[in-house]
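Single-structure report; data block below.
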Amino acid sequence: MTERPSEIVKFDNVGLRYGTDAEVLSDVSFTLFPGSFYFLTGASGAGKTSLLKLLYLAQRPSRGSIRMFGKDMITLPRGRLPDFRRRLGVVFQNFRLVQHLSAFDNVALPLRLAGTDEAKVQRSVGDMLEWVGLSHRMHAIPETMSGGEQQRVAIARAVIARPQVLIADEPTGNVDPEMALKLLRLFEALNHRVGTTVIVATHDVHLLKKVPDSLIMRLNKGRLSDPTGALRYPPAPKSKPAATGSRTDSLGAAK
Amino acid sequence: MSAPPVPEEVGQELGLGPVKEVTTILAPPARLSGPIPWVIAILIALVVIAAAGGLSLRNLADNARADLADAVTVQIIEAGLDDRTAQTEAAATALGAHPLVTSVRVVPETELQALLEPWLGVSVASDNVPIPALIDVELSRSASTDELAQLQSALDTALEPLGGEARVDAQSQWLRPVYDALSALQYLALALITLVSIATASAVWLAARNAFINHRETVEIVHLLGGTDAQVTRIFERSVLREAAFGAVIGLLVGLAALWLLGQQFASLDSGMVSSGGLALTDWLIIAAIPVGGVMLALITGRITIGYALRSML
(Lines give C-alpha, C1' and ligand atoms only; values in the text may rest on other atoms or scores of the structure.)
Protein backbone atom coordinates (compact mmCIF):
# COMPACT_ATOMS: atom_id res chain seq x y z
CA MET A 1 0.00 0.00 0.00
CA THR A 2 1.41 3.40 -0.99
CA GLU A 3 1.83 5.84 1.90
CA ARG A 4 -0.25 8.93 1.41
CA PRO A 5 2.07 11.98 1.56
CA SER A 6 1.10 14.55 4.17
CA GLU A 7 -0.16 17.83 2.82
CA ILE A 8 2.24 20.75 3.02
CA VAL A 9 -0.19 23.53 2.10
CA LYS A 10 -3.96 23.40 2.27
CA PHE A 11 -6.32 26.18 1.15
CA ASP A 12 -10.00 25.82 2.02
CA ASN A 13 -12.57 28.21 0.51
CA VAL A 14 -10.12 31.05 0.62
CA GLY A 15 -11.33 34.47 -0.41
CA LEU A 16 -9.32 37.66 -0.67
CA ARG A 17 -10.43 41.22 -1.18
CA TYR A 18 -8.47 44.44 -0.87
CA GLY A 19 -10.39 46.96 1.20
CA THR A 20 -14.01 47.12 0.11
CA ASP A 21 -13.34 46.07 -3.49
CA ALA A 22 -14.74 42.90 -4.99
CA GLU A 23 -12.96 39.66 -4.17
CA VAL A 24 -9.86 39.02 -6.26
CA LEU A 25 -9.86 35.40 -5.11
CA SER A 26 -13.03 33.44 -4.39
CA ASP A 27 -13.52 30.00 -2.88
CA VAL A 28 -10.01 28.86 -3.67
CA SER A 29 -9.39 25.35 -2.40
CA PHE A 30 -6.37 23.17 -3.11
CA THR A 31 -3.74 21.08 -1.42
CA LEU A 32 -0.03 21.03 -2.17
CA PHE A 33 1.90 17.88 -1.40
CA PRO A 34 5.60 17.55 -0.67
CA GLY A 35 7.74 16.93 -3.73
CA SER A 36 5.10 18.04 -6.22
CA PHE A 37 5.64 20.49 -9.06
CA TYR A 38 2.85 22.95 -9.90
CA PHE A 39 2.40 25.56 -12.56
CA LEU A 40 0.01 28.40 -11.77
CA THR A 41 -1.46 29.89 -14.92
CA GLY A 42 -4.15 32.35 -15.79
CA ALA A 43 -4.72 35.51 -17.70
CA SER A 44 -3.37 38.80 -16.47
CA GLY A 45 -5.52 39.93 -13.52
CA ALA A 46 -6.75 36.41 -12.78
CA GLY A 47 -5.32 36.64 -9.26
CA LYS A 48 -2.04 34.72 -9.62
CA THR A 49 0.05 37.24 -7.72
CA SER A 50 -2.61 37.54 -5.00
CA LEU A 51 -2.63 33.79 -4.58
CA LEU A 52 1.16 33.73 -4.42
CA LYS A 53 1.09 36.49 -1.77
CA LEU A 54 -1.10 34.28 0.37
CA LEU A 55 1.28 31.40 -0.22
CA TYR A 56 4.41 33.32 0.76
CA LEU A 57 2.66 34.80 3.81
CA ALA A 58 2.68 38.41 2.68
CA GLN A 59 -1.07 38.62 3.00
CA ARG A 60 -3.81 37.15 5.16
CA PRO A 61 -7.03 36.05 3.42
CA SER A 62 -10.35 37.80 3.97
CA ARG A 63 -12.01 34.46 4.61
CA GLY A 64 -11.37 30.75 4.47
CA SER A 65 -8.65 28.63 5.98
CA ILE A 66 -4.99 28.23 5.15
CA ARG A 67 -2.83 25.53 6.71
CA MET A 68 0.89 25.29 6.04
CA PHE A 69 3.26 22.72 7.44
CA GLY A 70 0.40 21.49 9.61
CA LYS A 71 -0.32 24.87 11.24
CA ASP A 72 -3.25 27.21 10.85
CA MET A 73 -1.84 30.35 9.27
CA ILE A 74 -4.93 32.44 10.01
CA THR A 75 -4.55 32.30 13.76
CA LEU A 76 -0.77 32.10 13.84
CA PRO A 77 0.69 35.07 15.75
CA ARG A 78 2.75 37.31 13.49
CA GLY A 79 5.77 36.78 15.71
CA ARG A 80 5.87 33.15 14.58
CA LEU A 81 5.60 33.90 10.86
CA PRO A 82 9.40 34.12 10.29
CA ASP A 83 9.72 30.49 11.33
CA PHE A 84 7.43 29.52 8.45
CA ARG A 85 8.75 32.05 5.95
CA ARG A 86 12.19 30.48 6.34
CA ARG A 87 10.78 27.28 4.92
CA LEU A 88 9.73 29.11 1.77
CA GLY A 89 11.78 30.37 -1.14
CA VAL A 90 10.25 33.15 -3.18
CA VAL A 91 11.14 34.55 -6.60
CA PHE A 92 9.26 37.83 -6.84
CA GLN A 93 8.00 39.09 -10.17
CA ASN A 94 9.91 42.37 -9.80
CA PHE A 95 12.88 40.61 -8.16
CA ARG A 96 12.73 42.71 -4.95
CA LEU A 97 16.48 42.76 -4.42
CA VAL A 98 17.90 44.95 -1.66
CA GLN A 99 19.26 47.79 -3.72
CA HIS A 100 22.25 48.73 -1.58
CA LEU A 101 23.48 45.16 -1.28
CA SER A 102 25.73 43.36 -3.74
CA ALA A 103 24.57 40.29 -5.65
CA PHE A 104 26.51 38.15 -3.18
CA ASP A 105 24.93 39.76 -0.11
CA ASN A 106 21.46 39.57 -1.63
CA VAL A 107 21.83 35.84 -2.24
CA ALA A 108 23.36 35.34 1.21
CA LEU A 109 20.53 37.18 2.97
CA PRO A 110 18.25 34.18 3.75
CA LEU A 111 21.20 32.22 5.13
CA ARG A 112 22.41 35.07 7.29
CA LEU A 113 18.92 35.81 8.59
CA ALA A 114 18.66 32.14 9.56
CA GLY A 115 21.92 32.39 11.45
CA THR A 116 24.00 30.20 9.15
CA ASP A 117 27.72 29.93 9.77
CA GLU A 118 29.56 32.49 7.62
CA ALA A 119 31.97 29.94 6.13
CA LYS A 120 28.99 27.95 4.92
CA VAL A 121 27.41 31.13 3.56
CA GLN A 122 30.54 31.95 1.56
CA ARG A 123 30.73 28.45 0.13
CA SER A 124 27.04 28.05 -0.75
CA VAL A 125 26.59 31.51 -2.22
CA GLY A 126 29.80 31.21 -4.24
CA ASP A 127 28.64 27.90 -5.73
CA MET A 128 25.17 29.23 -6.47
CA LEU A 129 26.40 32.42 -8.14
CA GLU A 130 28.83 30.43 -10.21
CA TRP A 131 26.09 28.14 -11.37
CA VAL A 132 23.75 30.95 -12.40
CA GLY A 133 26.70 32.50 -14.24
CA LEU A 134 27.11 35.52 -12.01
CA SER A 135 30.29 34.80 -10.07
CA HIS A 136 32.01 37.64 -11.96
CA ARG A 137 29.18 39.98 -10.88
CA MET A 138 29.04 39.02 -7.21
CA HIS A 139 30.08 42.49 -6.06
CA ALA A 140 27.71 44.33 -8.40
CA ILE A 141 24.72 46.10 -6.92
CA PRO A 142 21.30 45.54 -8.54
CA GLU A 143 21.04 48.91 -10.27
CA THR A 144 24.15 48.12 -12.32
CA MET A 145 22.79 44.72 -13.39
CA SER A 146 20.56 43.83 -16.33
CA GLY A 147 17.04 42.52 -15.79
CA GLY A 148 18.16 38.97 -16.53
CA GLU A 149 21.04 39.21 -14.09
CA GLN A 150 18.78 40.56 -11.37
CA GLN A 151 16.34 37.72 -12.01
CA ARG A 152 19.09 35.15 -11.64
CA VAL A 153 20.17 36.77 -8.36
CA ALA A 154 16.54 36.65 -7.19
CA ILE A 155 16.29 32.96 -8.07
CA ALA A 156 19.61 32.15 -6.42
CA ARG A 157 18.37 33.95 -3.28
CA ALA A 158 15.11 31.98 -3.32
CA VAL A 159 16.76 28.58 -3.49
CA ILE A 160 19.93 29.17 -1.46
CA ALA A 161 18.39 28.06 1.83
CA ARG A 162 16.95 24.90 0.26
CA PRO A 163 13.33 25.77 0.98
CA GLN A 164 10.61 23.21 1.49
CA VAL A 165 8.37 25.18 -0.84
CA LEU A 166 9.64 27.27 -3.74
CA ILE A 167 7.24 29.93 -5.04
CA ALA A 168 8.23 31.66 -8.26
CA ASP A 169 6.29 34.47 -9.91
CA GLU A 170 7.20 34.56 -13.61
CA PRO A 171 10.76 33.44 -12.89
CA THR A 172 11.79 33.17 -16.52
CA GLY A 173 10.23 36.36 -17.76
CA ASN A 174 13.46 38.31 -18.18
CA VAL A 175 15.96 35.67 -19.26
CA ASP A 176 16.82 34.12 -22.60
CA PRO A 177 15.36 30.70 -23.50
CA GLU A 178 18.61 28.88 -22.66
CA MET A 179 18.79 30.45 -19.19
CA ALA A 180 15.04 29.90 -18.72
CA LEU A 181 15.51 26.20 -19.35
CA LYS A 182 18.54 26.13 -17.09
CA LEU A 183 16.60 27.78 -14.25
CA LEU A 184 13.71 25.40 -14.76
CA ARG A 185 16.15 22.51 -14.46
CA LEU A 186 17.30 23.94 -11.13
CA PHE A 187 13.71 23.98 -9.90
CA GLU A 188 13.25 20.42 -11.12
CA ALA A 189 16.45 19.34 -9.45
CA LEU A 190 15.30 20.80 -6.14
CA ASN A 191 11.93 19.17 -6.65
CA HIS A 192 13.20 15.69 -7.59
CA ARG A 193 16.27 15.33 -5.46
CA VAL A 194 15.56 17.43 -2.41
CA GLY A 195 11.79 17.12 -2.39
CA THR A 196 11.08 20.82 -2.62
CA THR A 197 7.50 21.58 -3.54
CA VAL A 198 7.60 24.01 -6.47
CA ILE A 199 4.92 26.43 -7.61
CA VAL A 200 5.75 28.44 -10.72
CA ALA A 201 3.39 31.15 -11.91
CA THR A 202 3.86 31.71 -15.62
CA HIS A 203 2.26 32.94 -18.80
CA ASP A 204 4.58 30.82 -20.90
CA VAL A 205 2.60 27.81 -22.09
CA HIS A 206 5.76 26.26 -23.59
CA LEU A 207 7.22 26.11 -20.13
CA LEU A 208 4.40 23.87 -18.93
CA LYS A 209 5.48 21.11 -21.31
CA LYS A 210 9.03 21.10 -20.02
CA VAL A 211 8.10 19.43 -16.74
CA PRO A 212 6.06 16.34 -17.54
CA ASP A 213 5.08 15.44 -13.97
CA SER A 214 3.80 18.88 -13.14
CA LEU A 215 0.25 19.79 -12.15
CA ILE A 216 -1.52 22.81 -13.55
CA MET A 217 -3.35 25.30 -11.32
CA ARG A 218 -5.48 27.46 -13.57
CA LEU A 219 -6.96 30.67 -12.22
CA ASN A 220 -9.80 32.41 -13.96
CA LYS A 221 -11.21 35.61 -12.52
CA GLY A 222 -10.10 34.68 -9.04
CA ARG A 223 -11.44 31.15 -9.11
CA LEU A 224 -9.32 28.05 -9.32
CA SER A 225 -10.50 25.37 -11.73
CA ASP A 226 -9.86 21.80 -10.65
CA PRO A 227 -12.15 19.61 -12.79
CA THR A 228 -10.29 16.37 -12.06
CA GLY A 229 -9.72 16.98 -8.37
CA ALA A 230 -5.96 16.70 -8.92
CA LEU A 231 -5.38 19.74 -6.73
CA ARG A 232 -7.12 18.18 -3.75
CA TYR A 233 -5.69 14.67 -3.74
CA PRO A 234 -2.07 13.58 -3.65
CA PRO A 235 -0.37 12.93 -6.97
CA ALA A 236 0.80 9.48 -7.95
CA PRO A 237 4.09 8.56 -6.26
CA LYS A 238 7.24 9.29 -8.25
CA SER A 239 10.89 9.15 -7.34
CA LYS A 240 11.26 9.35 -3.57
CA PRO A 241 12.17 12.84 -2.44
CA ALA A 242 15.23 13.32 -0.30
CA ALA A 243 13.91 16.23 1.69
CA THR A 244 15.53 15.13 4.88
CA GLY A 245 18.66 13.73 3.29
CA SER A 246 22.17 14.89 3.92
CA ARG A 247 23.83 17.66 1.99
CA THR A 248 24.91 17.07 -1.56
CA ASP A 249 27.00 19.56 -3.44
CA SER A 250 25.56 18.62 -6.75
CA LEU A 251 22.46 16.91 -8.03
CA GLY A 252 24.22 15.20 -10.85
CA ALA A 253 23.51 16.03 -14.43
CA ALA A 254 20.17 17.65 -14.99
CA LYS A 255 17.86 15.92 -17.41
CA MET B 1 24.68 21.85 -18.91
CA SER B 2 26.35 21.60 -15.54
CA ALA B 3 24.50 20.21 -12.56
CA PRO B 4 22.81 22.81 -10.40
CA PRO B 5 24.31 23.15 -6.93
CA VAL B 6 22.06 22.38 -4.05
CA PRO B 7 22.78 24.49 -1.04
CA GLU B 8 23.49 23.03 2.32
CA GLU B 9 20.56 22.54 4.62
CA VAL B 10 20.22 25.47 6.98
CA GLY B 11 18.64 25.64 10.37
CA GLN B 12 15.07 26.86 10.40
CA GLU B 13 15.05 27.82 14.01
CA LEU B 14 14.74 31.46 14.98
CA GLY B 15 18.21 31.65 16.44
CA LEU B 16 19.95 34.97 16.83
CA GLY B 17 23.16 33.65 15.24
CA PRO B 18 25.23 36.25 13.43
CA VAL B 19 22.42 38.77 13.64
CA LYS B 20 24.91 41.51 14.29
CA GLU B 21 26.56 40.91 10.96
CA VAL B 22 23.39 40.82 8.91
CA THR B 23 22.05 43.94 10.60
CA THR B 24 25.35 45.66 9.88
CA ILE B 25 25.06 44.77 6.21
CA LEU B 26 21.44 45.87 5.97
CA ALA B 27 21.71 49.04 8.02
CA PRO B 28 20.92 52.08 5.93
CA PRO B 29 23.93 54.34 5.71
CA ALA B 30 23.99 56.88 8.56
CA ARG B 31 23.26 60.35 7.27
CA LEU B 32 25.57 62.43 9.44
CA SER B 33 25.21 65.27 6.99
CA GLY B 34 21.43 65.17 7.44
CA PRO B 35 19.55 67.37 9.91
CA ILE B 36 18.92 64.85 12.69
CA PRO B 37 22.43 64.58 14.19
CA TRP B 38 22.62 68.37 14.28
CA VAL B 39 19.16 68.75 15.82
CA ILE B 40 20.20 66.27 18.50
CA ALA B 41 23.48 68.19 18.98
CA ILE B 42 21.61 71.46 19.57
CA LEU B 43 19.16 69.82 21.97
CA ILE B 44 21.93 68.08 23.94
CA ALA B 45 23.85 71.37 24.16
CA LEU B 46 20.73 73.06 25.56
CA VAL B 47 20.27 70.29 28.11
CA VAL B 48 23.93 70.55 29.16
CA ILE B 49 23.59 74.31 29.69
CA ALA B 50 20.23 74.00 31.49
CA ALA B 51 21.47 71.17 33.69
CA ALA B 52 24.66 73.04 34.58
CA GLY B 53 22.58 76.13 35.42
CA GLY B 54 20.20 74.12 37.58
CA LEU B 55 23.01 72.34 39.42
CA SER B 56 24.84 75.62 39.95
CA LEU B 57 21.71 77.24 41.41
CA ARG B 58 21.19 74.27 43.67
CA ASN B 59 24.76 74.52 44.97
CA LEU B 60 24.39 78.25 45.48
CA ALA B 61 21.17 77.83 47.44
CA ASP B 62 22.53 74.94 49.50
CA ASN B 63 25.68 76.84 50.43
CA ALA B 64 23.69 79.95 51.37
CA ARG B 65 21.31 77.91 53.47
CA ALA B 66 24.20 76.18 55.22
CA ASP B 67 25.79 79.54 56.02
CA LEU B 68 22.64 81.27 57.22
CA ALA B 69 20.35 78.60 58.58
CA ASP B 70 21.96 78.51 62.04
CA ALA B 71 22.43 82.27 62.51
CA VAL B 72 20.18 85.04 63.76
CA THR B 73 20.62 88.79 64.10
CA VAL B 74 19.32 90.66 67.12
CA GLN B 75 18.51 94.36 66.77
CA ILE B 76 18.34 96.68 69.78
CA ILE B 77 16.23 99.63 68.73
CA GLU B 78 16.92 102.49 71.10
CA ALA B 79 17.63 106.10 70.17
CA GLY B 80 19.73 106.96 73.25
CA LEU B 81 23.34 105.83 73.04
CA ASP B 82 23.73 105.02 76.75
CA ASP B 83 20.45 103.13 76.99
CA ARG B 84 21.24 101.30 73.79
CA THR B 85 24.65 100.26 75.11
CA ALA B 86 23.13 98.99 78.39
CA GLN B 87 20.36 97.12 76.62
CA THR B 88 22.88 95.59 74.18
CA GLU B 89 25.04 94.31 77.04
CA ALA B 90 21.99 92.86 78.82
CA ALA B 91 20.79 91.20 75.61
CA ALA B 92 24.24 89.76 74.90
CA THR B 93 24.38 88.34 78.42
CA ALA B 94 20.91 86.80 78.08
CA LEU B 95 21.77 85.34 74.70
CA GLY B 96 25.04 83.89 75.98
CA ALA B 97 23.13 82.02 78.66
CA HIS B 98 20.70 80.49 76.20
CA PRO B 99 21.44 76.75 75.51
CA LEU B 100 20.89 77.05 71.74
CA VAL B 101 23.43 79.86 71.33
CA THR B 102 27.06 78.98 70.60
CA SER B 103 28.51 82.44 70.09
CA VAL B 104 27.46 86.06 70.46
CA ARG B 105 29.16 89.00 68.79
CA VAL B 106 28.10 92.57 69.24
CA VAL B 107 28.77 94.32 65.94
CA PRO B 108 31.08 97.26 66.71
CA GLU B 109 29.83 100.80 66.10
CA THR B 110 32.57 101.44 63.54
CA GLU B 111 31.56 98.40 61.53
CA LEU B 112 27.93 99.57 61.49
CA GLN B 113 29.00 103.01 60.31
CA ALA B 114 31.13 101.46 57.58
CA LEU B 115 28.11 99.42 56.44
CA LEU B 116 25.97 102.55 56.25
CA GLU B 117 28.62 104.78 54.76
CA PRO B 118 27.61 104.19 51.12
CA TRP B 119 24.12 105.51 51.91
CA LEU B 120 24.58 108.01 54.71
CA GLY B 121 28.05 109.41 54.05
CA VAL B 122 31.33 109.45 55.99
CA SER B 123 30.30 111.90 58.71
CA VAL B 124 27.41 109.86 60.03
CA ALA B 125 27.45 109.32 63.75
CA SER B 126 25.01 107.55 66.00
CA ASP B 127 24.36 110.78 67.80
CA ASN B 128 22.96 112.36 64.66
CA VAL B 129 21.20 109.38 63.19
CA PRO B 130 20.05 106.72 65.62
CA ILE B 131 21.36 103.36 64.48
CA PRO B 132 20.11 100.13 66.05
CA ALA B 133 22.71 97.98 67.75
CA LEU B 134 23.27 94.64 66.06
CA ILE B 135 24.24 91.35 67.67
CA ASP B 136 25.35 88.42 65.48
CA VAL B 137 24.27 85.19 67.10
CA GLU B 138 25.33 81.73 66.00
CA LEU B 139 23.16 78.81 66.99
CA SER B 140 24.15 75.19 67.48
CA ARG B 141 21.64 74.25 64.77
CA SER B 142 18.85 75.67 62.68
CA ALA B 143 16.18 77.00 65.04
CA SER B 144 12.51 76.26 64.67
CA THR B 145 9.85 78.97 64.88
CA ASP B 146 9.07 77.98 68.48
CA GLU B 147 12.73 78.12 69.48
CA LEU B 148 13.07 81.57 67.93
CA ALA B 149 10.00 82.64 69.92
CA GLN B 150 11.67 81.34 73.11
CA LEU B 151 14.80 83.32 72.26
CA GLN B 152 12.70 86.43 71.74
CA SER B 153 10.97 85.78 75.07
CA ALA B 154 14.32 85.45 76.86
CA LEU B 155 15.45 88.77 75.41
CA ASP B 156 12.17 90.47 76.36
CA THR B 157 12.61 89.25 79.92
CA ALA B 158 16.21 90.52 80.06
CA LEU B 159 15.39 93.94 78.62
CA GLU B 160 12.13 94.59 80.42
CA PRO B 161 13.79 96.16 83.53
CA LEU B 162 15.69 98.49 81.20
CA GLY B 163 12.56 99.48 79.33
CA GLY B 164 14.00 98.34 76.02
CA GLU B 165 13.14 95.85 73.39
CA ALA B 166 14.93 93.62 70.90
CA ARG B 167 14.01 92.09 67.62
CA VAL B 168 15.23 88.66 66.53
CA ASP B 169 15.72 88.24 62.79
CA ALA B 170 16.39 84.73 61.54
CA GLN B 171 18.54 85.25 58.45
CA SER B 172 17.02 82.22 56.78
CA GLN B 173 13.62 83.89 57.04
CA TRP B 174 14.52 87.16 55.38
CA LEU B 175 16.39 85.20 52.69
CA ARG B 176 13.39 82.95 52.06
CA PRO B 177 12.26 84.92 48.97
CA VAL B 178 15.77 84.51 47.56
CA TYR B 179 15.64 80.76 48.20
CA ASP B 180 12.20 80.62 46.61
CA ALA B 181 13.50 82.43 43.55
CA LEU B 182 16.44 80.05 43.31
CA SER B 183 14.08 77.07 43.65
CA ALA B 184 11.88 78.50 40.91
CA LEU B 185 14.91 78.81 38.65
CA GLN B 186 15.87 75.21 39.40
CA TYR B 187 12.38 74.05 38.48
CA LEU B 188 12.63 76.15 35.33
CA ALA B 189 15.87 74.35 34.42
CA LEU B 190 14.21 71.01 35.09
CA ALA B 191 11.22 71.96 32.95
CA LEU B 192 13.58 73.05 30.17
CA ILE B 193 15.43 69.72 30.35
CA THR B 194 12.11 67.85 30.22
CA LEU B 195 10.91 69.87 27.23
CA VAL B 196 14.20 69.42 25.39
CA SER B 197 14.11 65.67 26.13
CA ILE B 198 10.63 65.50 24.64
CA ALA B 199 11.85 67.47 21.63
CA THR B 200 14.79 65.05 21.26
CA ALA B 201 12.48 62.04 21.44
CA SER B 202 10.18 63.68 18.88
CA ALA B 203 13.08 64.36 16.52
CA VAL B 204 14.24 60.75 16.78
CA TRP B 205 10.67 59.51 16.34
CA LEU B 206 10.35 61.52 13.13
CA ALA B 207 13.77 60.38 11.91
CA ALA B 208 13.10 56.71 12.68
CA ARG B 209 9.66 56.87 11.08
CA ASN B 210 11.04 58.51 7.95
CA ALA B 211 13.89 56.02 7.80
CA PHE B 212 11.37 53.22 8.12
CA ILE B 213 9.21 54.66 5.33
CA ASN B 214 12.25 55.17 3.10
CA HIS B 215 13.43 51.61 3.70
CA ARG B 216 10.05 49.92 3.84
CA GLU B 217 10.87 47.88 0.75
CA THR B 218 14.01 46.48 2.45
CA VAL B 219 11.99 45.75 5.60
CA GLU B 220 9.38 43.87 3.60
CA ILE B 221 12.04 41.84 1.81
CA VAL B 222 13.77 41.00 5.09
CA HIS B 223 10.43 39.96 6.57
CA LEU B 224 9.52 37.79 3.60
CA LEU B 225 12.93 36.10 3.72
CA GLY B 226 12.30 35.13 7.33
CA GLY B 227 13.75 38.11 9.18
CA THR B 228 12.29 38.72 12.62
CA ASP B 229 11.05 42.01 14.05
CA ALA B 230 14.06 41.98 16.37
CA GLN B 231 16.42 41.77 13.40
CA VAL B 232 14.62 44.57 11.56
CA THR B 233 14.59 46.73 14.69
CA ARG B 234 18.31 46.21 15.16
CA ILE B 235 18.96 47.33 11.60
CA PHE B 236 17.41 50.71 12.39
CA GLU B 237 18.87 50.89 15.88
CA ARG B 238 22.35 50.92 14.39
CA SER B 239 21.45 53.88 12.23
CA VAL B 240 19.78 55.73 15.13
CA LEU B 241 22.75 54.94 17.39
CA ARG B 242 25.28 56.38 14.96
CA GLU B 243 23.31 59.56 14.32
CA ALA B 244 22.44 60.11 17.98
CA ALA B 245 25.96 59.39 19.22
CA PHE B 246 27.42 61.84 16.72
CA GLY B 247 24.90 64.51 17.71
CA ALA B 248 25.40 63.86 21.44
CA VAL B 249 29.16 64.26 21.28
CA ILE B 250 28.91 67.47 19.27
CA GLY B 251 26.18 68.75 21.63
CA LEU B 252 28.28 67.99 24.70
CA LEU B 253 31.27 69.84 23.26
CA VAL B 254 29.15 72.87 22.34
CA GLY B 255 27.49 72.84 25.77
CA LEU B 256 30.84 72.62 27.57
CA ALA B 257 32.22 75.47 25.48
CA ALA B 258 29.20 77.60 26.43
CA LEU B 259 29.67 76.71 30.11
CA TRP B 260 33.33 77.65 29.96
CA LEU B 261 32.47 81.04 28.48
CA LEU B 262 29.76 81.64 31.10
CA GLY B 263 32.17 80.53 33.83
CA GLN B 264 34.71 83.07 32.65
CA GLN B 265 32.08 85.82 32.74
CA PHE B 266 30.90 84.97 36.27
CA ALA B 267 34.43 84.48 37.57
CA SER B 268 35.23 88.07 36.58
CA LEU B 269 32.46 89.26 38.94
CA ASP B 270 34.61 88.03 41.85
CA SER B 271 31.54 87.56 44.01
CA GLY B 272 31.44 85.15 46.94
CA MET B 273 27.85 84.25 46.19
CA VAL B 274 28.66 83.37 42.58
CA SER B 275 31.67 81.28 43.58
CA SER B 276 29.48 79.26 45.94
CA GLY B 277 27.50 78.16 42.87
CA GLY B 278 30.48 76.35 41.34
CA LEU B 279 30.06 72.79 40.06
CA ALA B 280 31.41 69.82 42.02
CA LEU B 281 32.79 66.57 40.58
CA THR B 282 29.42 64.83 40.91
CA ASP B 283 27.81 67.69 38.99
CA TRP B 284 30.32 67.26 36.16
CA LEU B 285 29.61 63.53 36.14
CA ILE B 286 25.89 64.28 35.81
CA ILE B 287 26.63 66.62 32.90
CA ALA B 288 28.85 63.98 31.29
CA ALA B 289 25.97 61.50 31.58
CA ILE B 290 23.63 63.76 29.58
CA PRO B 291 24.82 62.66 26.12
CA VAL B 292 24.70 59.04 27.26
CA GLY B 293 21.13 59.62 28.43
CA GLY B 294 20.36 61.35 25.13
CA VAL B 295 21.63 58.39 23.12
CA MET B 296 19.67 55.96 25.32
CA LEU B 297 16.55 58.09 24.89
CA ALA B 298 17.08 58.09 21.12
CA LEU B 299 17.58 54.32 21.05
CA ILE B 300 14.47 53.63 23.12
CA THR B 301 12.42 56.06 21.03
CA GLY B 302 13.76 54.51 17.83
CA ARG B 303 12.98 51.01 19.07
CA ILE B 304 9.41 51.95 20.05
CA THR B 305 8.84 53.78 16.75
CA ILE B 306 10.07 50.87 14.64
CA GLY B 307 8.15 48.44 16.83
CA TYR B 308 4.91 50.31 16.20
CA ALA B 309 5.65 50.59 12.48
CA LEU B 310 6.33 46.85 12.24
CA ARG B 311 3.03 46.04 13.89
CA SER B 312 1.26 47.56 10.90
CA MET B 313 2.95 44.96 8.68
CA LEU B 314 2.23 41.26 8.47
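The values are calculated or read from the model by the stated rules, or taken from the named source; none is laboratory data. In this text the structure is predicted, and so the values were computed from the model without any measurement. Ideal geometry is used to build each Cβ from the backbone, glycine not excepted, and the neighbour counts take in all protein chains shown.
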When (1) at pLDDT below 90; (2) over 19 Å from B:Ile42 (Cβ atoms); (3) surrounded by fewer than 22 Cβ atoms within 10 Å (Cβ to Cβ) are applied to B:Trp284, the one that fails is (1)
I'd like the residue in the range B:225-244 that is under 16 Å from B:Gly307 (Cβ atoms) and basic (Lys, Arg) and, out of all such residues, is farthest from the other protein chains (Cβ to nearest Cβ). B:Arg238
Any hit, the range A:173-181, residues being assigned to a helix (DSSP H, G or I), touching a residue at least 40 places away in the same chain (Cβ under 8 Å) and crowded, with 21+ Cβ neighbours inside 10 Å: no
Give the number of residues within the range B:168-219 that are of a type outside the set (Gly, Ala, Ser), closer than 23 Å to B:Ala66 by Cα and either touching a strand residue (DSSP E or B) at 6+ places or on another chain (Cβ under 8 Å) or within 14 Å of another protein chain (Cβ to nearest Cβ) (or both). 3
Restricted to the range A:135-172 and to residues being under 14 Å from the mean Cα position of the chain (by Cα) and assigned to a loop (DSSP other than H, G, I, E, B), the residue modelled with the lowest pLDDT is A:Thr172
Taking the criterion of being within 30 Å of A:Arg223 (Cα to Cα), more than 13 Å from chain B (Cβ to nearest Cβ) and of a type outside the set (Phe, Trp, Tyr), would at least one residue in the range A:129-146 satisfy it? no
Looking at B:Val222, B:Val249 in this structure, which one is hydrophobic (A, V, I, L, M, F, W, C), within 14 Å of chain A (Cβ to nearest Cβ) and part of a helix (DSSP H, G or I)? B:Val222
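Report yes if some residue within the range B:58-69 is in contact with an Asp or Glu (Cβ under 9 Å, 6 or more places away or on another chain) and assigned to a loop (DSSP other than H, G, I, E, B); otherwise report no. Please lay out each step first, then the result.
In the first step, residues of the range B:58-69 are kept if they are in contact with an Asp or Glu (Cβ under 9 Å, 6 or more places away or on another chain); the result is B:58-59.
Imposing the further condition that a residue be assigned to a loop (DSSP other than H, G, I, E, B) reduces the set to none.
There is no residue in the range B:58-69 that is in contact with an Asp or Glu (Cβ under 9 Å, 6 or more places away or on another chain) and assigned to a loop (DSSP other than H, G, I, E, B).
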Restricting to the range B:279-312, and then to whatever is in a helix (DSSP H, G or I) and of a type in the set (Gly, Ala, Ser), can you tell me which residue is nearest to B:Val232 (Cα to Cα)? B:Gly307
